[in-house]
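Visitor: Handing you this structure, nothing more for now.
Any read-out appearing in this document is the output of simple, stated calculations on the displayed coordinates, not a laboratory observation. Here the structure is a predicted model, which means the values were calculated and not measured. Here the Cβ positions follow ideal geometry from the backbone for every residue, glycine too, while neighbour counts run over all protein chains shown.
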Amino acid sequence: MLFIGICGASGSGKTTLAEELIRDLGVPVTVIHQDGYYLNHPDMSFEERCHLNYDEPFIFDHDLLYQDICTLLEGKPISRKLYDFSQHARADDGLLVYPTDVLIVEGIHAFYDKRLCDKMYLKLYISVEPDICLLRRISRDIKERGREIDNIADQYLSTVKPMYDRYIRNYVHEADVIVARGGKNAKIVDILAGYIRDQLLADKQKEKQP
């Protein structure tokens, strides 16, 4: 199994890149979204949860994510982790996620946990202009997460931009490949898919050797 990490700013196209790779690879791929691993806060009111910093690395359950990745790498299934952004609460559904030839983890802090980085065969960082990321985030949050524009603007200024400057932009130094212009960069997707297929073939040939 090849373990690949995709990191970048909110709205940079991490999920899109994962989807494009799946289409190009033509082999089974398991995708784990770091967003599903936000820490749960059932003791807080909805209003209190709304004011949490959802862009800092400490808002995620890194130990649980690491544990699940290790389980998948061992060839065992895990239970799917989900998060309800409209309620700011975990919404796990109990469905099983099975290991496949390729495992992808994507998230704004996918490179934060060194234990996880050390297990990645390939680390991809998406580099996109911040204003493009903001426009994509606005569109996504309104359409998919039921947010209002004022709320999105407040969150961007108070947490998204500061956390990008403090943490996320520096993850580029962990990357093996920097992907420019987002997840729909067809040329880089073709190159990456070809490289991954070649490595999968080489691994299978090694397994056949006595």
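Visitor: Using only helices, what value at 222 nm comes out for the chain when you add -39,500 (n - 2.57) per DSSP H run of length 4 or more and divide by the total residues, to the nearest 500 deg cm²/dmol?
Guide: Estimated from H runs of four or more residues: -12500 deg cm²/dmol.
Visitor: Using θ = phi - 60° and the Karplus relation 6.51 cos²θ - 1.76 cosθ + 1.60, list the HN-Hα couplings for the stretch 185-190 in order, rounded to whole Hz, with x at every Gly or Pro.
Guide: 6, 4, 5, 5, 4, 4
Visitor: Here's something else I'd like to know. For the chain, which longest stretch is free of loop sites, where a loop site is one of the trypsin sites (Lys or Arg not before Pro) that DSSP puts outside H, G, I, E and B and that has at most 16 other Cβ atoms within 10 Å?
Guide: Segment 81-180 is the longest.
Visitor: At a Förster distance of 35 Å, what's the computed FRET efficiency of ASP150 paired with TYR98, Cβ-Cβ distance as r, to 0.05? Before the final figure, lay out each step's value.
Guide: Numbers: r = 42 Å, r/R0 = 1.20.
In this case the efficiency is close to 0.25.
Visitor: For the chain, give the share of DSSP beta bridges that are antiparallel, in percent and rounded to the nearest 5; count only bridges with both residues there.
Guide: 20
Visitor: Hey, what do the phi angles of the stretch 31-37 turn into as Karplus ³J(HN,Hα) couplings, whole Hz, using 6.51/-1.76/1.60 and θ = phi - 60°, x for Gly and Pro?
Guide: 10, 10, 9, 4, 4, x, 10
Visitor: Explain nothing, just the number: dipole magnitude of the chain about its Cα centre with +1 on each Lys and Arg Cβ and -1 on each Asp and Glu Cβ, in debye rounded to the nearest 20.
Guide: Dipole of the chain, to the nearest 20 debye: 660 debye.
Visitor: Hey, with R₀ at 41 Å, roughly what FRET efficiency would GLU48 and MET1 work out to, going by the Cβ-Cβ distance, to 0.05?
Guide: Using R0 = 41 Å, I get an efficiency of 0.55.
Visitor: I need the phi-derived Karplus couplings for the stretch 110-116: 6.51 cos²θ - 1.76 cosθ + 1.60, θ = phi - 60°, integer Hz, Gly and Pro marked x.
Guide: Calculated HN-Hα couplings, in order: 4, 9, 6, 7, 4, 4, 6 Hz.
Visitor: Taking the Cα centre of each part, how many Å lie between the stretch 116-142 and the stretch 19-97?
Guide: 16
Visitor: Ok, one more. Kindly state, to the nearest 0.05, the FRET efficiency for LEU73 paired with ASP198, given R0 = 35 Å and r defined as their beta-carbon distance.
Guide: 0.95
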